Amino acid sequence: PAATGEAAAVARIVSGPAALMGRALLVRADGSVAGGFGAHPELDRTVAGEARAYLDAGRTATLEIGEQGSRCGAPLTLLVESSVPAPRMIVFGAIDFASALVRMGKFLGYHVTVCDARPVFATAARFPDADEIVVEWPHKYLERADVDARTVLCVLTHDAKFDVPLLQLALRLPVAYVGAMGSRRTHLDRNTRLREVGVNELELSRLRSPIGLDLGARTPEEVALSIASEIVAHRRGGTGVSLTGAHTPIHHEGASASRIGSVA
């Protein structure tokens, strides 16, 4: 599954009766199961349920369970390995700043798509690091794009004719992050336009705009770092404040358990 980009979890017995050692069960993202342990049927059912939970979280860990699928009986130790495809970053707007953000997204392990309705700007020559370049109206592409709870959407167009229909849709999708570039004046004007097309306050509260953390960024690379920093902070539960003199934890263990890229 990892080779084909398919999300799956493999549960393999690593400690227990010799007859069961090495036997494995595979659970796919759609819930289907392949293989099994050839022991008690309840063991397969219980492990499959546990493996689905590990897969949802993108986790790899060991699992202790009884030979008959309960918490009692002869103990077994299983290694549950989750393999998930790289999360997606979709950059809307093939502007100069986008090229640096594409490189930053790749560095963080994202599968990066650049989308712009203007074919003269959305080219492989301008974005050699992008995994995919799409020439299409942004909201039309997003309507058919495969997104999930790890997807980040970066709207760099700062043009109402693109932004409004795009953000109207984006803010209603179950994605991890939606950010939009623009000045504070652009932000206020865009929010007014979004309210006029029916976007409510709860949906608007999901929008990170102006996009990025306050790093005093000027160059495209600095702006990309600012955006990436906000994405990481949002994902990991960070505050974005300096650690010097702060009393907040360095690592936020309670943040999302999802991981970038494949989990070995």
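The values are calculated or read from the model by the stated rules, or taken from the named source; none is laboratory data. Given the structure is predicted, the values throughout are model-derived calculations rather than measurements. Cβ atoms come from the backbone with ideal geometry, glycine included; neighbour counts cover every protein chain shown. Heavy atoms of the whole protein, side chains included, go into the accessibility calculation; ligands, DNA and RNA do not. Shrake-Rupley method; radii C 1.70, N 1.55, O 1.52, S 1.80 Å.
Quick look at the values:
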item	result
Chain lengthening between residue 29 and residue 242 when straightened (0.36 nm per residue, less Cα-Cα)	72.8 nm
Highest average packing first - 32-38, 162-168, Cβ atoms within 10 Å	162-168, 32-38
Mean accessible surface per residue for the chain, computed with a 1.4 Å probe while every protein chain stays in place, in Å²	51
R0 of 45 Å, Cβ-Cβ distance residue 219-residue 68: FRET efficiency to nearest 0.05	0.15
The chain, relative contact order in percent, only Cα pairs under 8 angstrom and at least six apart counted	17
The stretch 177-241, relative contact order [Cα under 8 Å, separation at least 6], %	35
Qualifying trypsin sites (Lys or Arg not before Pro) for the stretch 185-227 [loop in DSSP, other Cβ within 10 Å: at most 10]	218
Shape category assigned to the stretch 152-216 from the gyration tensor of Cα positions, a/c cut at 1.5	oblate
Of all accessible heavy-atom area on the chain, the percent that carbon and sulfur account for (1.4 Å)	55
Shape category assigned to the chain from the gyration tensor of Cα positions, a/c cut at 1.5	prolate
